[in-house]
Amino acid sequence: MVNGSTELVAIVGSPIAQVKSPENFNRWFEGNALNRVMLPIDISAQALSSFIDTLRGWQNLRGCVVTIPYKQQVVEHLDELSERASALRSVNVIRREADGRLIGDNVDGEGFLNAGRQQGFDAKGKRALVIGAGGVGSAIAYSLCQAGVSALSLSDVSHERVEALAQLLRSAFPELPVSTRVDSLSAFDLIANASPVGMGDSGELPLPQALLQSLPASAHVADVVTAPEITPLLALAKARGCSIQTGPQMALAQAGNLGHFMGATALVL
């Protein structure tokens, strides 16, 4: 029951109806007898700046999860960024300090890695392909580099976007081979779809069928799309004998990192 002493956390984006974070957080709060609640907030782009300013004085708010389309836009309004959020110019969680200062981080990549570990996959020393160089794909690629992959390849429909991400990663991790050319999947240990391809009932695949014919059964295949849970890519991978990792698994694994950064939950939900 919400009362005058309830502490709040929020998830901010537009649209917001599809997000699963309120269910995950509120279930954890209730199960641990905490007087906290997560609120979904659908904010217009025109109101984003004033909303962020309002957070500074919102004294019973621990912080916010940030989702599409505002992960990049909020960066300029915050007081401090983590190293990875600063490098990526993207934030998906904000912590409000007691003095009203707002600190931003991006834990999309850590959620992805945590989900992989829960499925028995360790990225260290592996060869990885990340499809999608947007906000989520960039965060996953950055965290894979931090986790010690031996080589990273990137793919995106936008040549400019994928080259910009490749250059960022080459600068941050100069010893790591980063490629934007993919001729075969046979050498990869991890294929991660971080694009929206496969969402809903589209039936689309994020790579050409001809290229997917080279998918090895030894690969771990992951998708960030949450609906459907088993995307066309994951269905194909499962049929090939690959281990798979779903979008909902990443979302649940990420929730602990988001809440921990805000001081609202334990590290692992």
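The values are calculated or read from the model by the stated rules, or taken from the named source; none is laboratory data. What you see is a predicted model, and the numbers here were worked out from it, not measured in a lab. FYI the Cβ positions are ideal-geometry reconstructions off the backbone, even for glycines, and counts take in every protein chain you see. Accessible surface areas use protein heavy atoms only, side chains included; no ligands, DNA or RNA. Shrake-Rupley method; radii C 1.70, N 1.55, O 1.52, S 1.80 Å.
Structure values in brief
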| read-out | value |
| --- | --- |
| Neighbours by Cβ (under 7 Å, 6+ apart or cross-chain): first from the stretch 223-239, under 12 Å from ASN193 (Cα atoms); second acidic (Asp, Glu) | THR231/ASP223; PRO232/GLU204; LEU233/ASP223; LEU234/ASP223 |
| Among (1) touching a strand residue (DSSP E or B) at 6+ places or on another chain (Cβ under 9 Å); (2) under 23 Å from ARG89 (Cα atoms); (3) in a loop (DSSP other than H, G, I, E, B) - the single one LEU169 does not satisfy | (3) |
| Elements of type helices (runs of 4 or more DSSP H) in the stretch 40-135, at least 3 residues being under 21 Å from ALA172 (Cα atoms) | 83-88, 108-118 |
| Test: residue in the stretch 193-206 that is at pLDDT 95 or above, within 23 Å of THR226 (Cβ to Cβ), open to solvent by less than 30 Å² (accessible area, probe 1.4 Å) and not small (Gly, Ala, Ser) | yes |
| When residues of the stretch 73-87 are limited to those that are closer than 14 Å to VAL107 by Cβ and in contact with a strand residue (DSSP E or B) (Cβ under 6 Å, 6 or more places away or on another chain), the one surrounded by the fewest Cβ atoms within 10 Å (Cβ to Cβ) | SER82 |
| Among residues of the stretch 8-22, those that are modelled with pLDDT of 90 or more, out of contact with any Phe, Trp or Tyr (no Cβ under 7 Å at 6 or more places or on another chain) and crowded, with 20+ Cβ neighbours inside 10 Å, counted | 2 |
| Pairs with Cβ under 7 Å, 6+ apart, first in the stretch 16-36 and farther than 18 Å from GLU229 by Cα, second surrounded by fewer than 15 Cβ atoms within 10 Å (Cβ to Cβ) and polar (S, T, N, Q) | ASN35/SER5; ASN35/THR6; ARG36/THR6 |
| Residue list for the stretch 134-143, restricted to those being of a type in the set (A, V, I, L, M) and either open to solvent by 10 Å² or more (accessible area, probe 1.4 Å) or more than 12 Å from the chain's Cα centre (by Cα) (or both) | VAL136 |
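Rundown of residues vs (1) surrounded by 22 or more Cβ atoms within 10 Å (Cβ to Cβ); (2) more than 30 Å from ALA164 (Cα to Cα); (3) more than 20 Å from the chain's Cα centre (by Cα), yes/no style:
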position	(1), (2), (3)
ALA47	no, no, yes
GLY63	yes, yes, no
THR67	no, no, no
LYS71	yes, no, no
ARG89	no, no, no
ASN92	yes, no, no
ARG101	no, yes, yes
